[in-house]
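The values are calculated or read from the model by the stated rules, or taken from the named source; none is laboratory data. What you see is a predicted model, and the numbers here were worked out from it, not measured in a lab. In this analysis, Cβ positions are derived from the backbone assuming ideal geometry, glycine residues included, and neighbour counts consider all displayed protein chains. Side chains are part of the model used for accessible areas, which takes the heavy atoms of the whole protein and leaves out ligands, DNA and RNA. Shrake-Rupley method; radii C 1.70, N 1.55, O 1.52, S 1.80 Å.
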Amino acid sequence: MSFKRNNIGIKIIFALSVTCLLILASVKIHDVQQKLNKYYWETAEFKHLYDSTKAQLDVVYENKKNIEKMLHHEKEDHRRTKDELSSHRLESEAQLSKEKQEANQRLESLNQEHKILKDQHSETQKEHKTLQDRCNTLQHEYSALNGAKSEQIEASKELNKEISALRVSVSQLQSQKRVITFNYTTCGRRMRAAEGQVREIKPLHDSCKNELATCRNLKQVAVVKSPAGAVAEAKDLQQFQALKIVATQRQALPPQPDEEEHIPNGVSRLNITAHI
């Protein structure tokens, strides 16, 4: 009986322990289930956060790449600008040194010119002093000559009166000269016309002389030979006399009134005819 009671007590204790274990196991399972659900929701949230973070990181990486490209371009521009600035600075320094050298040279030349002008100024002051003394002496001479000048002015007035009278006489003489010159030119034209007439009459005069000589010879021959020769000689003599009368008539032609008026004194028509 005691053994059965012990077995029942053991069975009860075993059943109670198994029940407690089952209760504890169910509690543990429920806790684990809740923890699993919690982990599941946290995993989903973490996954969503991971996706969003990944998308943000992609955007960040893309921005980083763009920023790196922009930074590279900026570096290139900065390097190029730096090179240009350095070259421009070198050119500016070279130009500045050149201008400085030119300015120094110009300053030296200006200093030399200033020194020369200073010497010239001192010489000019000396010349001014000498000229001032000379001006004073010339003023004294001018005051002395001013009185002589007044006398010369009076004399020059008298000379001007004489000059005006001489001008009147010169104008009269010039008018006379024009008249004489006109008469002289007219006489020259008349003389040339007379010379032309002389040249025209001279061959006729020579032919008349020759005919007269032949006539005389023929007369001598005709007296010796026959009376017919005397008749021919008389005809030739009549022709010669007719030609001589024509020449004397040309010489005796009266001059034109205007030409005779302008023949100068001492030259007459008789002198012209005598030359003929």
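For region 74-168, the carbon plus sulfur part of the accessible surface works out to 54%, probe radius 1.4 Å.
Using θ = phi - 60° in the Karplus curve 6.51 cos²θ - 1.76 cosθ + 1.60, the 3J(HN,Hα) couplings for region 7-12 round to 5, 5, x, 5, 5, 5 Hz; x is entered for Gly and Pro. With a Förster radius of 51 Å applied to the beta-carbon distance between Glu162 and Arg216, the computed FRET efficiency rounds to 0.10.
Partner lysines whose Cα lies under 18 Å from the Cα of Lys209, excluding those fewer than 8 positions away in the same chain, are identified as Lys219, Lys235, Lys244.
Diagonalising the gyration tensor over the Cα atoms of region 78-175 and scaling each eigenvalue by 5 before taking the square root yields semi-axes of 76, 27, 8 Å, largest first. Applying 0.36 nm per residue to the separation of Ala44 and Arg189 and subtracting their alpha-carbon distance, the gain on full extension is 37.0 nm. Heavy atoms of the protein chains alone define the surface here; on that basis region 134-194 has 86 Å² accessible area per residue at 1.4 Å probe size. By the rule of a C-alpha distance below 19 Å, with chain neighbours fewer than 8 residues away ignored, the lysines paired with Lys157 are Lys149.
Cross-link reach is defined here as a Cα-Cα straight distance under 27 Å, omitting same-chain residues fewer than 8 places apart; for Lys28 the lysines meeting it are Lys11, Lys38.
Pair-distance distribution of region 19-64: all C-alpha pairs, bin width 10 Å, starting at 0; shares per bin in whole percent are 25, 24, 20, 15, 10, 5, 1.
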